[in-house]
Amino acid sequence: MVKFELKRDRIIARWRDRKYEYIIEPRYWRNPWIGVLLLVLLPLAIFRYPAFLTMFTTANLLAAITIPLGLQMVGTARVNFGPQLYLGIGGYTAALLNLHLGWHPFLTFLATIVMCAAIALMLSPITWIAKGLYFSLITLILPLAFLDLTFIYGDLFRGEVGLVGMSPLLDLGRVTWNYVSYYYLSLALMLFYLLVADKIGRSRYGVTLAAINEDEDVARMMGVNVSRNKVFYYVFPSVLTGIVGWFIVHTFRTFAGVTYLPLDYMLKILIIILIGGRAYSYGAVWGAYFVAILEDVIRPLGPINYVVFPLVLIAAIVFLPRGEGIFGLYHKRHHRDYFPQLKVRRN
Amino acid sequence: MLEIQGLHKSFGGLQAVSDVGFSVQEGEIVGLIGPNGAGKTTVMNLVSGTFKADRGSIRFMGEEISGLPSNKICHRGICRTYQIPRPFYAMTALASVTVSVLNGGHRPNMSLFDASFEASYYLEFVGLFAKRDTLARDLNLYELRMLELARALATVPKLLLLDEAMAGLNPGEASRALDMIWSAQEQFGITILWIEHVMKVIMAAAQRIVVLQHGQKLVEGTPKEVINDERVIKAYLGGRHVVH
């Protein structure tokens, strides 16, 4: 028989010789399984509304882009303003190989990883050379340059129209089931990224990452191979972002650079980072859901919605200057929890 | 242990270090003194790999280390503290020292738990164990200096470079810090190259003193020899204070 006992700040449940404690205030509900369970059960409530399923699938994908970005920002101690470059590279690699060479999604997956890793490795020296604002500016320009290429080589990339008709990852016969399956696949991808980021953050490598983010010269003096770490934490998250591009290609079955490469898309990622807390993995999920819902809510407003996101971004910068985000401010349990503060450094 | 020969370093038109050479024997405490702008910290930056020398040689344990990156120099057994403490402000004292334990000495595949355990030992040694969960930004200057010392010791150095370890400390704290440095030398068997402006401390602590002025070596000798040297008095106090 389970016995419940109400204490000042917690509920204690006793069953046989076991004791379970639940703190009443939600901010102490640290068990991520609660969040996972909610996300898993979500389609049961909304499976009749494909628009909602698409919205939450988009939220999962936005989170799946932001989580590796947080890892990258801490690991390289630089603020990357253009992670969508690898989304574009991954997406176009998968789409072109599938359309023109008929490659199976599994093969395009491998090709996406190889392509993103190769390009990221080639560009990784910018994490050593470019510092502070210069790094941010370079990374800001790269996706825009790639977007231009998609217009210049319109025969290949199909410019504004984009590529359509790629083979799907799954086809369950009914449209509703397909939407539900894509939601779960995107959720699995996002949760996998969350798990990876969380494991890294809590491991010996996480402590080293934090040291690099704090002061890379001092970290180097303490024996940390900063250059090697920077290359790894530039390439690895880039590959993870590229995989999201691959996923979009084989689920939405359409991919246009004009959707993912412009600054508007980065604006959403920035808002997620600011709301969820800079470089804080769990916050990215909350931020992504906020942005995806906000985007759908303001869509009927027409042209005004182009102004809403920049306004939200400015508000987040002004009212959340410490970089912990709404989620971080609320959720931080101990003052000693390491919260990466990302700064645009001069050195 | 450490041999420096013909070291040159310039920043644009400014010759910061010019033809500096001296050696440090194992187990010694060597003081590096000189007026402001003499090039002491530049020498330390060159030895620790922060800067690359234009010319000259730095040999440590018989191996040339000039031009190596700081992390490789750290792995060979040289670590340093900073004139103005540079802690990881958003990290706790324990986490800061854990970074050194994990990356400094040769400890392959050490778990985070074991590393934290070992880091606790260094914090205990410098008297900061009670503050292990305090963020570095909340520590006072003395505690920051001790944290830097713990961080450096955790890399298991053979040669410790101390850059003005007493700067900003009151006499009581300076005396405690000096005791700590002596006991670190005794317990860990380290050699120390020490930049210091507090003459009373460095003259009591060092076995040998190297004096720099305008980026060049002025004098080298025991504290007694150095303190009575006319050139040193002139460099510090001006010509009119020299008693002929």
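Which of the residues that make up the range B:137-152 are within 12 Å of chain A (Cβ to nearest Cβ) and either surrounded by 23 or more Cβ atoms within 10 Å (Cβ to Cβ) or assigned to a strand (DSSP E or B) (or both)? So that I can check it myself, show each step before the final result.
Applying the first criterion (within 12 Å of chain A (Cβ to nearest Cβ)) to the range B:137-152 yields B:137-138, B:147-148, B:150-152.
Answer for the range B:137-152, where residues must be within 12 Å of chain A (Cβ to nearest Cβ) and either surrounded by 23 or more Cβ atoms within 10 Å (Cβ to Cβ) or assigned to a strand (DSSP E or B) (or both): B:Leu147, B:Glu148, B:Ala150, B:Arg151, B:Ala152.
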Being at the interface with chain A (Cβ under 7 Å from one of its Cβ atoms) and either in a helix (DSSP H, G or I) or among the basic types (Lys, Arg) (or both) is the filter here, so list the residues in the range B:77-120 that pass it.
B:Arg80, B:Arg86, B:Ala95, B:Thr98, B:Val99, B:Ser100, B:Leu102, B:Asn103, B:Leu112, B:Ala115
Being surrounded by 15 or more Cβ atoms within 10 Å (Cβ to Cβ), over 19 Å from B:Phe60 (Cβ atoms), of a type outside the set (A, V, I, L, M) and modelled with pLDDT under 90 narrows B:Glu186, B:Glu164 down to just B:Glu164
Are any residues in the range B:157-180 touching a residue at least 60 places away in the same chain (Cβ under 8 Å) and either closer than 17 Å to B:Ile84 by Cα or assigned to a helix (DSSP H, G or I) (or both), and if so, which ones?
B:Leu160, B:Leu161, B:Leu162, B:Asp163, B:Glu164, B:Ala165, B:Ala167
What is the number of the single condition among (1) more than 17 Å from B:Ala205 (Cβ to Cβ); (2) surrounded by fewer than 20 Cβ atoms within 10 Å (Cβ to Cβ); (3) more than 14 Å from chain A (Cβ to nearest Cβ) that B:Arg176 does not meet?
(1)
When you scan the range B:14-30, do you find a residue that is over 17 Å from the mean Cα position of the chain (by Cα), under 19 Å from B:Lys217 (Cα atoms) and free of Cβ contacts under 8 Å to residues at least 60 places away in the same chain, even just one?
yes
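The rows are residues; the columns are (1) more than 14 Å from chain B (Cβ to nearest Cβ); (2) closer than 24 Å to A:Val79 by Cβ; (3) exposed (fewer than 15 other Cβ atoms within 10 Å of the Cβ).
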residue: A:Leu169; (1), (2), (3): yes, no, no
residue: A:Leu185; (1), (2), (3): yes, no, no
residue: A:Phe192; (1), (2), (3): yes, no, yes
residue: A:Val207; (1), (2), (3): no, yes, no
residue: A:Met221; (1), (2), (3): no, yes, no
residue: A:Val224; (1), (2), (3): no, yes, no
Residues (small (Gly, Ala, Ser), assigned to a helix (DSSP H, G or I) and farther than 27 Å from A:Ala118 by Cα) located in the range A:212-235
A:Ala219
Looking only at residues in the range B:198-234 that are among the basic types (Lys, Arg) and part of a helix (DSSP H, G or I), which one is surrounded by the most Cβ atoms within 10 Å (Cβ to Cβ)?
B:Lys234
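Condition check ((1) among the aliphatic types (A, V, I, L, M); (2) in contact with a strand residue (DSSP E or B) (Cβ under 8 Å, 6 or more places away or on another chain); (3) within 23 Å of A:Phe146 (Cα to Cα); (4) surrounded by 15 or more Cβ atoms within 10 Å (Cβ to Cβ)) across all residues:
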site	(1), (2), (3), (4)
A:Phe47	no, no, no, yes
A:Leu53	yes, no, no, yes
A:Gly70	no, no, yes, yes
A:Asn98	no, no, yes, yes
A:Phe109	no, no, yes, yes
A:Ile119	yes, no, yes, yes
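Has the range B:50-69 got at least one residue that is in contact with a Pro (Cβ under 9 Å, 6 or more places away or on another chain) and within 10 Å of chain A (Cβ to nearest Cβ)? If you could, list the steps in order and put the result at the bottom.
The initial filter retains those residues of the range B:50-69 that are in contact with a Pro (Cβ under 9 Å, 6 or more places away or on another chain), namely none.
There is no residue in the range B:50-69 that is in contact with a Pro (Cβ under 9 Å, 6 or more places away or on another chain) and within 10 Å of chain A (Cβ to nearest Cβ).
Considering each of B:Asp133, B:Asp163 in turn, give the residue that is within 14 Å of chain A (Cβ to nearest Cβ) and out of contact with any Leu (no Cβ under 8 Å at 6 or more places or on another chain).
Only one candidate passes the filter, namely B:Asp163.
Looking at B:Glu3, B:Glu63, B:Glu28, which is the one that is closer than 21 Å to B:Ile181 by Cβ and at pLDDT below 90?
Working: B:Glu3 fails: closer than 21 Å to B:Ile181 by Cβ; B:Glu63 fails: closer than 21 Å to B:Ile181 by Cβ.
Within the list B:Glu3, B:Glu63, B:Glu28, the selection yields B:Glu28.
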When you go through A:Leu147, A:Leu97, A:Leu110 one by one, which is the residue that is under 27 Å from A:Val231 (Cβ atoms) and touching a Pro at 6+ places or on another chain (Cβ under 7 Å)?
A:Leu147
With respect to the numbered conditions (1) under 30 Å from A:Val196 (Cβ atoms); (2) not in a helix (DSSP H, G or I), which one is the sole condition not fulfilled by A:Phe56?
(2)
Looking at the structure I just gave you, is A:Leu87 modelled with pLDDT of 90 or more, in the same structural domain as A:Thr139 (by TED's automatic domain parsing) and in contact with a helix residue (DSSP H, G or I) (Cβ under 8 Å, 6 or more places away or on another chain)?
yes
Which one is farthest from A:Gly88 (Cα to Cα) among residues in the range A:263-299 that are assigned to a helix (DSSP H, G or I), touching a Gly at 6+ places or on another chain (Cβ under 8 Å) and among the hydroxyl-bearing types (Ser, Thr, Tyr)?
A:Tyr282
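The values are calculated or read from the model by the stated rules, or taken from the named source; none is laboratory data. For clarity, every value in this text was computed on a predicted model and none was experimentally measured. Cβ sites come from the backbone with ideal geometry, for glycine too, and all protein chains shown count toward neighbours.
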